[in-house]
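Have a look at the structure below, then the notes.
The numbers here are math on the coordinates, done by the rules we state, and not lab data. Every value quoted in this text rests on a predicted model; they were computed, and no experiment measured them. Cβ sites come from the backbone with ideal geometry, for glycine too, and all protein chains shown count toward neighbours.
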Amino acid sequence: MYCRSCGTQNDDNNYRCIQCGEVIQFLSTPPQTTYRIEEDAGMRMLLPVGRSLWALIAGYFGLFAILIFPAPIALVTGIIAVIDIRRNEKKRGMGRAIFAIVMGFIFSIFFVFSMLGLLADVFNGVE
Ligand SMILES: [Zn+2]
């Protein structure tokens, strides 16, 4: 049988796991260890398998939205990504898309205000 805690295969007569000392529970199949889950998540971050391409693009623009200029692009691509994911249930990346929308929205407001400020300076200042 396999240890519930660490997944090590133990002799059926063992009371405690030879690897980690956990009291063994009866399991017929090896459990998914947290290590494996984290590894998969890590791989998914690096390789966008099954993720909406729009979500990927939106995610990067969301990050760069801090620089204000790409913020409206992040907002637009984020919205496209959400629509794309909604249409295709197999696609992932909703978190990234929403992140892009939020970041894009916040920094778009900054962008608009900075443009208004610039216009105000042009009209009032330079004479
Ligand atoms: Zn164990």
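How do Cys17, Cys6 line up, fewest other C-beta atoms within 10 Å first?
Placing the least packed residue first, the sequence is Cys6, Cys17.
In what sequence do Asp84, Asp12, Asp121 fall when counting other Cβ within 10 Å, fewest first?
Asp12, Asp121, Asp84
Can you sort Met103, Met115, Met94 from fewest to most other Cβ atoms within 10 Å of each residue's own Cβ?
Met115, Met94, Met103
Tally Lys and Arg at +1 and Asp and Glu at -1 over the other residues with C-beta under 12 Å from the C-beta of Ala97: what net charge comes out?
So the environment of Ala97 carries a net charge of +4.
May I ask for the percentage of alpha-carbon pairs in the stretch 49-124 that lie more than 20 Å from each other?
Distances greater than 20 Å cover 34 percent of the Cα pairs.
Modelled label-to-label distance, Leu116 and Asn14, 7 Å Cα→beta-carbon offset: nm?
6.7
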